[in-house]
Each structure stands twice: as structure tokens, then as C-alpha cells.
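Asks: Take this structure first; my questions come after.
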Amino acid sequence: MPTTQTAAPSLLSTSRYEIGDPIFKLAVLACALTILGLLGLIVYELMFRSAMSWHAFGLKFFVGNNWDPVQEQFGALPFIYGTLVSSLLALLIAVPLAVGVAVFTTEMCPRVLRGPLSFFTELLAAIPSVIYGLWAIFVLVPILRNYVEPFLARTLGWTSLFQGAPYGYGMLAAGIILAIMIVPIISSITREVLTAVPRHQREAALALGATRWEMIRVAVLRNARAGIVGGIILGLGRALGETMAVTMVIGNRPEIAKSLFAPGYTMASVLANEFSEATGDVYLSALIEIGLALFLVTIVVNALARFLVWSVTRGQSMRANLA
Amino acid sequence: MTVILVLVPLIAIFGYLVYRGIGSINWAFLTQTPRPVGEPGGGMANAIVGSAFILMIASVVGVPVGVGAGIYLAEFGQNRFGDSIRFTADVLNGVPSIVIGIVAYSIVVLQQKHFSALAGGVALAIMMIPTITRTTEEMLLLVPQALREAAYGLGIPRWRTALSITLRTATSGVLTGVMLAFARVAGETAPLLFTAFGNQFWNLRTDQPTAALPLQIFSYAISPYDEWHRQAWAGALVLIVLIVSAVAAVRFAVRRGSFGTT
């Protein structure tokens, strides 16, 4: 009986089967648990090492605007302000551009251009942030200083947002470089969400006599709204935590100024600049507390974004798998 | 119209980078260590090697864990627990790199009492793991279920199926994920600032401060010296070329490899 003979060795191997499988499962489970462990470790380390500053300043830490390492007085408000303003400025510039690019590539673009276009936007995402910063220092800042900022001051100076000496370095430069960096993120997610809108929605709108623009507005953008917002928030998360490019152009002065021309400081850049030089435990602890705050904010922002993107693309991908 | 607005900075950045970079790159730049201020010449050879060294540590630590977790999610993770791991990985992906730097500082640098290549490697590994996990899982799920069932039908145990059938079939995809994670961390500066710290000299010891290309670019870019600005551009060009060629090489290899396996 040849069949029983060939079956025999694999039946015998059940002993190996019984040992090998649990070991394998344990090994990969350990890897998976590492991920949970890493997150736990981050939370623990940040909280443990910032405890000293938390005890010393309490909630005053987040509303005080006096950052004085020599006197050991630490208030993080200027950094929080800088992070928020530069990120919101970046969103203001990036969102219309990113959504525009995504709509163009999914709805109107000739097929030949589609590949190269998405390749280019991905390439933008692959450039390290230190190189963005380098470019900003030597190209963007001089342009702002010599042309854009004087122009804005002349035409919009009365709004008090565009006042003061045009240094080039400052909040405006940080906002623009951040915008350039987050456009690829927002547009790639928006593109994903837009392609998830079912085809028949578009066809129905067109059949009702909608023009192409009306079809995009009513059928596509409205359906994909939650996902697009998710993409925008994901971009915001990236902008909040972005360090190098911002540090290089924002001017690094812990002050709250009304004008966008004035230098500012962000939470990430104060860490980059002062962490390795921090002398004294309270100083270090205060810096880590800034890190903790930054971490918590980005976690909340990212979780929100994931949830929104999921809510749109989830049903779609399941349908796509069935088809 | 909007597309043009987006493409302008891209072309401007690349064009300017190549223009300034080509003009400043030379043999000395690639083979010598930095000279003191005011002395012309010198290069970033130690930073290039240091970057490679730190990335090697990061890959040795990060790739097995990331791929292992990806296998877990694909093979055993179709449940609540798997979902929570997936979510954690996504969250970890969004943690600002500078915060990862703080954590690596407190778990490695504070224990060793000084800045080191190991700390830099650990920081970058933490950044690589979630990306690799998610792409590995996606790639493994693309492998047809029938292939697994055929293996089980032959009496092959589950672990051998996962390793030598599923993972092997998905090799090219998994490698792409690894390379993308690699490219992403190769240009990271923020987590290295207070882990690897930078160094003006050669170093290949895991417990000593080490130069890295992005760090060197950063410190030269914010310096007031023209000579250093020139070198920062050259360094940026080298960095971009390394990243792009790494990604392109894998794309190429994958394209050829996948024809072989299917």
C-alpha cells in the first residue's frame, strides 16, 4: 500500500507538530506584545521622569509663560502656543491644496498622469525633515524676508497679524514649511477615501444631470467627508510633532507674540534644543513633561483621525475583498 | 492649478538640493572627517559610516520584532486582542520622533551614563517596528488562504507553514515594508539628538557617541559658516541619494522576485 507508506512520516511528525506550534505561537505573540509593551514603556518613562516637575509646578506649568532655566521657573505656555499656531497655520495652507490635488488625481486626471503624480507626492513624503529645514533656511526664509513679508506688511499690516520687522525666521516660515510637509499625508489619505466612494454614487449624480463639479461636490466630497477630516487630523498630528524643520526656521524665542513675523518656539523644538544641555533635575523633568504633553496630544489627535478614516474605508475594503 | 502649487516646492527642493549638492561634493567629503572651523576641506565620512552603523543596530533590533508581530497579527490576530495590537501599532506610528528620543534617552543613555550609538539604534528601532508590523501583516494576508490549507493538508505543522510557505511567498512585500521603514528612519534627526549625539571622529563602538548624517546636516545648517553650509548641502544630497537608491533597489528586486515566485 503506497498511500499508507507516504502518509506515515507526516503522521509521525505530529510530535514535532505539538511542540513546534506552541513555541512558534509564543514567539510571535512575544513580538506582538512588545508593541503593547513599547507603548506602556513610553507612557511609564514619560510620567515617571516628569513627576518632579509635576509636583513642583502642578497645572501652573501649562499656563505660566515664564521659561527661566536659571531661576528654575518653568511655564510651558509659549511652547504650547507656538505648536498650536504653527500647526493651525500649516493646516490653513495645506488643506485646500491637498484636497485639491486628491480630487484632481482621482476624478479629473488623465490616466497617464496619475501614476507619476502620486509618485511625486509620495516622494515629497520621503524627504527627511532635516532637508526640508535646510531648504527652508537657505531658500524659503530669504524669499519671505525680502519679498513676501514686506508685501504682507504693506497690504495687511493693519490686521496686526503681519506686523514687525521681517526677519524671515518666525511663525510664518514654520507654518509654510509644515504645510509643504503635510500636504502629501493629507492628499494621500484623501485620495484613498475618495476612491472608496462607490462608483454608482457618482453615476447617479451624473444621471440626474449634475455637472462634473456638482457631482464631485455632492456625491464624492460629501460622502467622503468624515474620511477627509480624518486625513486632515492625521496631518495635524504630524505637524504637532514635527521637530527639525520647525526648529530650524521658527526663530526659537519663548515668547507669545501676536504677529506671525515674530519668532516663536514649539514644544518639539524646545526639546530638540535644550534636552541634551539641560542641567539640573527640575529642568530635565520640566522638558520631559513637555514631551509627555506633546505625546498625549498627538495620541488623542491620531486616535481620532484613525477612527474617522476607518469609518469611511472599512465597509469599502470589505466589499472589495468579497468582489 | 493646485497640482502645480504642490509640485513647485518639490521641484524647487530637489532642484536646489542637486544644484547646491553637486557643487560641494567631492572625494574629500566622502573620505575625510570634519576639520575645525576655518580650515577648508574635510568631509562627513564618519557621519556616513556612523549613520549606517546606527541603522544596522536599528534593523537588527527592529526587523525581527516587527516581522514577528506581523506574523502574529496575520496568523492568529483575527480577534479583539489582535485589533488592540493593530491600534497600538498605529498609535505608536504617530508618536512624535522626538518623544521616542526621550524614551530611548531614559532607558539606554541614563543606564549607560553616556550618549551612544546603541541608544540611537534603539530609538530608530522603536520607530521602525510599527511600520514593519503593519506592512508585514498586510502582505501575509494577501497570500491566498488555499495555499495555507494545501500545506495543512500535507500535514505540515502550522509554524512551518507560516515560515516557509506564507512568509516565503510574501517575501518581496515584506521586504518592501522593511525598506520603507528603513528609508523613513534613515533621515530621522530628532531622536538622535540626545541618543547618538554626534561625534567629530570615527566611532564604531556601540557604547560611544556616534556621528550621523542627519545630525551633521542639522548642526552645519544652523552654523554661521559658509564652508559648513556647503557641506550641509553635500550631506543632504548624499542622504537623499542613499534613501532613494535603497528604495529603488528594493522596488527593482521585488519586481523581479515576484515574477519568479508567481
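The values are calculated or read from the model by the stated rules, or taken from the named source; none is laboratory data. Since this is a predicted model, take the numbers as computed values, not measurements. A quick note on method: Cβ atoms are made from the backbone with ideal geometry, for glycine too, and the neighbour counts reach across all protein chains shown.
Asks: Tell me the residue from A:Ala257, A:Ala262 that is under 30 Å from A:Gln163 (Cα atoms), assigned to a loop (DSSP other than H, G, I, E, B), at pLDDT below 90 and in contact with a Pro (Cβ under 9 Å, 6 or more places away or on another chain), please. I'd like the intermediate steps shown before the answer.
Replies: On the way: A:Ala262 fails: in contact with a Pro (Cβ under 9 Å, 6 or more places away or on another chain).
The conditions single out A:Ala257.
Asks: Hey, any hits in the range B:171-179 for a residue that's modelled with pLDDT of 85 or more, more than 23 Å from B:Ala253 (Cβ to Cβ) and among the polar types (S, T, N, Q)?
Replies: no
Asks: Out of all the residues in the range B:171-183, is one or more farther than 24 Å from A:Leu26 by Cβ and within 10 Å of another protein chain (Cβ to nearest Cβ)?
Replies: The answer is yes, given that some residue of the range B:171-183 is farther than 24 Å from A:Leu26 by Cβ and within 10 Å of another protein chain (Cβ to nearest Cβ).
Asks: Which one of the conditions (1) without any contact (Cβ under 8 Å) to a residue 24 or more places away in the chain; (2) within 18 Å of A:Pro128 (Cβ to Cβ) does B:Phe218 fail to meet, given that it meets all the rest?
Replies: Here B:Phe218 meets the rest and fails (1).
Asks: Any residue in the range A:175-192 that is over 20 Å from A:Ala94 (Cβ atoms) and in the same structural domain as A:Ala126 (by TED's automatic domain parsing)?
Replies: No; the residues of the range A:175-192 include none that is over 20 Å from A:Ala94 (Cβ atoms) and in the same structural domain as A:Ala126 (by TED's automatic domain parsing).
Asks: Among the numbered conditions (1) closer than 25 Å to A:Gly237 by Cα; (2) within 14 Å of chain B (Cβ to nearest Cβ); (3) crowded, with 21+ Cβ neighbours inside 10 Å, tell me where A:Gly170 comes up short.
Replies: Unmet for A:Gly170, out of (1) closer than 25 Å to A:Gly237 by Cα; (2) within 14 Å of chain B (Cβ to nearest Cβ); (3) crowded, with 21+ Cβ neighbours inside 10 Å: (2).
Asks: Something else: Restricting to the range B:199-229, what's the tally of residues that are surrounded by 24 or more Cβ atoms within 10 Å (Cβ to Cβ) and at the interface with chain A (Cβ under 10 Å from one of its Cβ atoms)?
Replies: Result for the range B:199-229: 7.
Asks: Give me the helices (runs of 4 or more DSSP H) completely within the range A:1-117, filtered to those with at least 3 residues that are at pLDDT below 90 and within 11 Å of chain B (Cβ to nearest Cβ), ordered by residue number.
Replies: A:2-12, A:14-57, A:77-103
Asks: If we keep just the residues of the range A:118-141 that are under 24 Å from A:Ala224 (Cα atoms) and aromatic (Phe, Trp, Tyr), which is farthest from the other protein chains (Cβ to nearest Cβ)?
Replies: Checked the range A:118-141; the qualifying residue farthest from the other protein chains (Cβ to nearest Cβ) is A:Phe119.
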